[in-house]
Amino acid sequence: MGGVGRSPASPWAPGVEVLPLRAALDLRAFSSSHGLGLSSSELARIRAHYRGLGRDPTDVELAGLSQSWSEHCSYKSSKRWLQRGFRGLAARPRVLGTGDAGVMAFEDGFAYALRIESHNHPSAVEPYGGAATGIGGILRDVLAVGAKPIALADPLFFGPLGTPIGDLPNGVHAPRYLLDQVVAGIRDYGNRVGVPTVSGSIGFDPAYTTNPLVNVGCVGFLPRSQLRPNRAQRAGNRVVLAGGLTGRDGIGGVAFASRELTERSTESERGHVQLGDPIMKEPLIHACLEAFGRGLVQGVKDLGGGGLATASGELAHAGHLGLVVHLDRVPLREPDLRPWEIWISESQERMLLEVRPGDLRSVFDIFRRYDVPATEVGQFVPGEDERLVYRGRPAGQLSLPFRVEPRLLTRARHARAPKRGRSPAVPDDHLNSLLLAQVLSNDCRSRESVIRVYDHEVQGQTVIKPLHGRPESPSHGDAAVLRPRSESTRAIAVTVASQPWACRSSPRAGAIWTVEEAARNLYSVGARPDAFTDCLNFGNPQDPRVLGDFVETIAGLAQGARGLGFAVPSGNVSFYNSGPGGGIPPTPVLMATGILADYRSAVTSDLKESGDSIYLVGRSDPALGGSLYERRLGLAAGSLPATGPTRVRRLGEALVTSAVRGTLRAAHDISDGGLAVTLFEMAAGGGLGFSVELSGTGLSGPGVSLVAEGSSRWMVEVRQGSDTAFERTFRGLPIARLGEVTEGPGMLTWKGRRVGRVDVASLYERWRAGLDR
């Protein structure tokens, strides 16, 4: 922040500057010179407010306004559409809270929390730190509702790994470097803080070369009595800042996240990336949970985007209270921080607690025992004003409704027609080569080398791991399963889903497809879909086409949620994922949860025993729009397969019933790569082979049968001798017996004629070598 000096007679605190906004003629230049990130119209509204007060703003006040009015904090371009689209999908009694994280009922006396966030821009310029602090932030979101974090998920998108350095836009890191550093950041933070990473995905597309997506999700667990509100409860209660010290890292982070990347971002924006400290985070979590459990904390917020300014203002305003904050009481890492820097620093590992005066000593004793700083920095007061004090003198005073509630923007939007085109013919010869090309694509290769660096066993609750199958030949599963209470058999399944390639063709249909994929993943392990949290990654909302895609995507997600019984208690919006090289396609990313009444009925993806039957569950669709085959060959976008959430729900319920009855031994949803990849992964995980008649898919030829990904389908293994019982469960639903599990290689036939032979063991070694190896 820059400005004119303080006059000797100034009533303001030392180090506080008054900025001459009322006399400013060029508001755009004023915003740029002071690093505010506000539009001319927004500054005009602020100027009118201060003219009404008869004074100019202080740099501390404007710093706080710039945070709260940023796209990142205010959702000013998206809030109206989110409220309209998801109306009714976060209702009680299933949904217990919709604050910093959504909170879902689990069983009597207990609940779980879920939230997903993005750390895209920070990870583009400083991938290790950006990814690490993304994990730190999502842990705080879940902690801020009173929950203990029990699981992490990390859906990621990058440009093609083989992109030549000479083809990269200026200032853009190589995709391979980004991938390696992002994985390392997630690994080092998650492992050190002691929370398992149990789910994730990695996708590749040229659209993510400039704008990689680093989305991070977290699930937490809590006694219902420990649920904390994200609003202040009573005037007179104290404001306690707990956790790490405050420094200059991350200042202006929300403004950085609310604009497009440029060629200079890698160098000029590095200071906006926070510095994570998982060694501080772990005891901070334990101290907060103990204070919550003893009823010593009345309200709570985490300090993320906008720092103390955002957290304290939102906490007070949500409780219809005012606030006094003493900035000089904030414990500093760098002693020369100016008041406005203290106010908006995004230094990590900090929580804001509302504590009754009589409970302060007990709270401080808890945090002292964990060696975590905790300091009283202010109190909640009647009214709706925020008063900031520094060294006994005023640093700012604002109406909280004015500061934390900017006007929602009405932007132009344009809804485009879905792309429709004839799907290409898939050759029916050289099927072995076709299957190999699908399996060995980077979109489908083994993720074991990434999964293994994450600790997915810590806390001892992961009963179904991210990798399914034999120890010597692990393969991909669809979801992980956690048993949060040893006293109960009830379990939570966790998965992620995203289909940007389908959303590129039709945002609405692609969004429905994404919800269906999340549900299929959960049904695959025997879980009933319960909730999802969504991270909506888009380009510049000032582009009417981007906002049109955004609105259509919300409509599709809501339609899918209603059809499949998902609640939507939380989410995140990440705009401005654009810059040199263009923007990203609409990329809604879901972290979804499902419930198993008994974890012992959970199903994995690996084939179990020779002689068992192999069934196709669901009706096939020949459309190849959004498919790996279409992308791999660079074909023009074709029509998407039909969606049908209600039909998927009926099929999924039958799968769950079969799992409970014990007739279902393995299940894997058919998604990226089609039947070719699904069959291979199931066989590889079990160290077995298969004999499959492809004409049973109902499609026109063996080629399209191998690569088609629609509509919502599964491959399943049915226990030998249980075919009749299995088919009875699916009476009236589309299923087909395609063959059986064998000891030998994978055999493919078409109307009785052999058309392919797969040496599963040999192909597995190539597939397992990992990405681009």
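Quick one: which residue in Arg452, Arg483, Arg470, Arg490 is free of Cβ contacts under 8 Å to residues at least 24 places away in the same chain, farther than 30 Å from Glu630 by Cα and of a type in the set (Lys, Arg)?
Result of the check over Arg452, Arg483, Arg470, Arg490: Arg452.
Filter region 204-221 down to the residues that are open to solvent by less than 10 Å² (accessible area, probe 1.4 Å) and polar (S, T, N, Q), then identify the one that is modelled with the highest pLDDT.
Applying the filter and picking the extreme gives Asn215.
Of the numbered conditions (1) charged (D, E, K, R); (2) surrounded by 17 or more Cβ atoms within 10 Å (Cβ to Cβ); (3) not in a loop (DSSP other than H, G, I, E, B), Arg51 fails exactly one; give the number of that condition.
(2)
Output the residues belonging to region 522-531 that are open to solvent by 10 Å² or more (accessible area, probe 1.4 Å) and either farther than 20 Å from Glu717 by Cα or assigned to a helix (DSSP H, G or I) (or both). Break it down stepwise before answering.
As a first pass, look at region 522-531 and keep what is open to solvent by 10 Å² or more (accessible area, probe 1.4 Å): 528-530.
Passing the criteria: Pro529, Asp530.
With touching a Phe, Trp or Tyr at 6+ places or on another chain (Cβ under 7 Å) and more than 17 Å from Val195 (Cα to Cα) as the only criterion, which of Pro507, Pro474, Pro484, Pro529 stands out?
Numbers: Pro507 fails: touching a Phe, Trp or Tyr at 6+ places or on another chain (Cβ under 7 Å); Pro474 fails: touching a Phe, Trp or Tyr at 6+ places or on another chain (Cβ under 7 Å); Pro484 fails: more than 17 Å from Val195 (Cα to Cα).
Testing whether each residue is touching a Phe, Trp or Tyr at 6+ places or on another chain (Cβ under 7 Å) and more than 17 Å from Val195 (Cα to Cα) leaves just Pro529.
I'm trying to understand the selection: among the residues of region 277-309, which are small (Gly, Ala, Ser), farther than 21 Å from Trp343 by Cβ and open to solvent by 10 Å² or more (accessible area, probe 1.4 Å)?
From region 277-309, those small (Gly, Ala, Ser) are 287, 291, 293, 295, 299, 304-307, 309; that's our starting set.
Subsequent filtering for residues that are farther than 21 Å from Trp343 by Cβ retains 287, 291, 293, 295.
Correct list: Gly293, Gly295.
Exactly one of (1) at pLDDT below 95; (2) open to solvent by 10 Å² or more (accessible area, probe 1.4 Å); (3) touching a helix residue (DSSP H, G or I) at 6+ places or on another chain (Cβ under 9 Å) is unmet by Thr646. Its number?
Thr646 satisfies all of (1) at pLDDT below 95; (2) open to solvent by 10 Å² or more (accessible area, probe 1.4 Å); (3) touching a helix residue (DSSP H, G or I) at 6+ places or on another chain (Cβ under 9 Å) except (1).
Only one of Arg387, Arg445, Arg407 is open to solvent by 70 Å² or more (accessible area, probe 1.4 Å) and either outside any strand (DSSP E or B) or touching an Asp or Glu at 6+ places or on another chain (Cβ under 7 Å) (or both). Can you tell me which?
Arg407
Filter region 722-770 down to the residues that are open to solvent by less than 10 Å² (accessible area, probe 1.4 Å) and assigned to a loop (DSSP other than H, G, I, E, B), then identify the one that is nearest to Ile614 (Cα to Cα).
Here the residue is Phe730.
Please identify the pairs in which a residue from region 337-350 that is under 20 Å from Gly15 (Cα atoms) and part of a strand (DSSP E or B) has its Cβ atom under 9 Å from the Cβ atom of a residue that is of a type in the set (Ser, Thr, Tyr) and open to solvent by less than 10 Å² (accessible area, probe 1.4 Å), counting only partners at least 6 apart or on another chain.
none
What tally of residues in region 230-246 results from selecting those that are over 17 Å from Leu327 (Cα atoms) and either acidic (Asp, Glu) or surrounded by fewer than 19 Cβ atoms within 10 Å (Cβ to Cβ) (or both)?
Matching residues across region 230-246 total 4.
Met104 fails exactly one of the following numbered conditions: (1) in contact with a helix residue (DSSP H, G or I) (Cβ under 9 Å, 6 or more places away or on another chain); (2) among the hydrophobic types (A, V, I, L, M, F, W, C); (3) open to solvent by less than 20 Å² (accessible area, probe 1.4 Å). What is the number of that condition?
Among (1) in contact with a helix residue (DSSP H, G or I) (Cβ under 9 Å, 6 or more places away or on another chain); (2) among the hydrophobic types (A, V, I, L, M, F, W, C); (3) open to solvent by less than 20 Å² (accessible area, probe 1.4 Å), the lone unmet condition for Met104 is (1).
Pairs needed: first member in region 725-750, without any contact (Cβ under 8 Å) to a residue 60 or more places away in the chain; second member anywhere, assigned to a strand (DSSP E or B) and of a type in the set (Ser, Thr, Tyr); C-beta distance under 6 Å; at least 6 residues apart or different chains.
Sorted first by the residue in region 725-750, then by its partner, the pairs are Met747/Ser691.
Looking at region 551-582 only, could you name the residues that are assigned to a strand (DSSP E or B) and farther than 23 Å from Gly200 by Cα?
Ser578, Gly579, Gly582
Determine which single condition Arg632 fails, assuming it passes every other condition in (1) open to solvent by 10 Å² or more (accessible area, probe 1.4 Å); (2) within 28 Å of Ala659 (Cα to Cα); (3) charged (D, E, K, R).
The failed condition is (2).
Answer with yes or no whether Gly611 is out of contact with any His (no Cβ under 6 Å at 6 or more places or on another chain), crowded, with 21+ Cβ neighbours inside 10 Å and either modelled with pLDDT of 95 or more or among the acidic types (Asp, Glu) (or both).
Taking the combined requirement at face value, the residue does not satisfy it.
Restricting to region 16-45, count the residues that are in a loop (DSSP other than H, G, I, E, B) and among the small types (Gly, Ala, Ser).
Looking only at that region, the number is 5.
Can you spot a residue in region 489-510 that is open to solvent by less than 20 Å² (accessible area, probe 1.4 Å), in contact with a Gly (Cβ under 7 Å, 6 or more places away or on another chain) and farther than 30 Å from Leu633 by Cβ?
yes
Of the residues that sit in region 64-82 and are among the small types (Gly, Ala, Ser) and assigned to a loop (DSSP other than H, G, I, E, B), which one is farthest from Pro541 (Cα to Cα)?
So, considering only residues that are among the small types (Gly, Ala, Ser) and assigned to a loop (DSSP other than H, G, I, E, B), the one farthest from Pro541 (Cα to Cα) is Ser70.
Every residue, every condition in (1) among the polar types (S, T, N, Q); (2) touching a Lys or Arg at 6+ places or on another chain (Cβ under 9 Å); (3) more than 17 Å from Asn215 (Cα to Cα), yes or no:
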{"site": "Gly136", "(1), (2), (3)": "no, yes, no"}
{"site": "Ala144", "(1), (2), (3)": "no, yes, yes"}
{"site": "Ala153", "(1), (2), (3)": "no, no, no"}
{"site": "Asp167", "(1), (2), (3)": "no, no, yes"}
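Using the structure shown, decide if Leu590 is in a helix (DSSP H, G or I) and in contact with a strand residue (DSSP E or B) (Cβ under 7 Å, 6 or more places away or on another chain).
no
The values are calculated or read from the model by the stated rules, or taken from the named source; none is laboratory data. As the structure is a prediction and not an experimental result, all values here were calculated from the model. Here Cβ is always computed from backbone atoms with ideal geometry, including for glycine, and neighbour counts include all displayed protein chains. All accessible areas refer to the heavy atoms of the entire protein, side chains included, with ligands and DNA or RNA removed. Shrake-Rupley method; radii C 1.70, N 1.55, O 1.52, S 1.80 Å.
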